[in-house]
Amino acid sequence: MSVWPQIDCSGRRLGYARVSTKDQKLRMQREALKAIDCDMVFEDFGVSGSKSSRPGLDKLMKALRPGDSVIVFKLDRLGRSVLHLSDLLVRFQDMGVHFVSLSEGINTTTPGGKLVFHIFSAVAEFTREIIVENTHAGLDAARAKGKRLGRPRKLSIEQAMIAHQMIALGKLTANDIAARYDVHPRTVDRALDRADVREAA
């Protein structure tokens, strides 16, 4: 008897595998996706989940058609954060694409598994509200502190907080922010550190 779930979908089975560092191996993920009879497998090797753009994942998203199933070995292989993962699952639902995570036993091709889409949709909405609320609180705190003495920063605390919100919501990358303000990406990183939002971003 197979340890893997039955996947009943009208389309293709598209697998996705990722490891964060070059020292890690894709073997376990590849074997699991092979055992589930994936039609194609997209991979990102040595790519951190924090990267907003991943070549393998980008190719997978472009290849998807209604009725397909996206299959991963573990949830954390797909999303770089809870919000990113939730957004992807909501996109899958809107596209008519199923999602299966083998380790967690998530399978939206089953009636019970469809509840996962609704849960992650609620999580995404809640997380966005928290991010916006925290950004507004940070902006209020920054305004209350007033002007600082010394050499002016290239990015203010207010700009850093807004940048954090845009990055956290997946609307812009750090490079996008740098280009918008005509600064080096490292300047954006330092501004986020100063604003004490690095972990959330």
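What to note about this one:
- Computed over segment 13-110: relative contact order in percent, which uses C-alpha pairs under 8 Å that are six or more apart: 29 percent
- Under 16 Å of direct C-alpha separation, and excluding same-chain neighbours fewer than eight residues apart, LYS59 reaches these aspartates and glutamates: ASP39, GLU43, ASP44, ASP68.
- Computed from backbone phi, the HN-Hα couplings of segment 97-103 come to 10, 7, 9, 9, 10, 5, 5 Hz, rounded to whole numbers (Karplus: 6.51 cos²θ - 1.76 cosθ + 1.60, θ = phi - 60°; Gly and Pro given as x).
- Sequence-ordered 3J(HN,Hα) estimates for segment 24-35 from the Karplus curve with 6.51, -1.76 and 1.60 and θ = phi - 60° stand at 7, 10, 8, 3, 4, 5, 4, 5, 5, 5, 5, 5 Hz, glycine and proline given as x.
- Förster radius 45 Å - calculated FRET efficiency between SER10 and VAL132, Cβ distance, rounded to 0.05: 0.70
- Estimated FRET transfer efficiency when R0 is 22 angstrom, pair ARG180-ASP58 (beta carbons, to 0.05): 0.50
- Between ILE106 and SER101, the built amide H atoms are under 5 Å apart, and every one of these is 5 or more places off in sequence or on another chain.
- Environment charge at GLY11 (Cβ cut-off 10 Å; Lys +1, Arg +1, Asp -1, Glu -1): +1
- The Rg/Rh ratio for segment 13-110 is 0.92, where Rg is the radius of gyration of the alpha carbons and Rh is the Kirkwood radius.
- FRET E, pair LYS25, ASP193, Förster distance 35 Å, beta-carbon r, rounded to 0.05: 0.60
Any read-out appearing in this document is the output of simple, stated calculations on the displayed coordinates, not a laboratory observation. Quick caveat, the model's predicted, so the values are computed rather than measured. Note: ideal-geometry Cβ built from the backbone for every residue, glycine included; neighbour counts use all protein chains shown.
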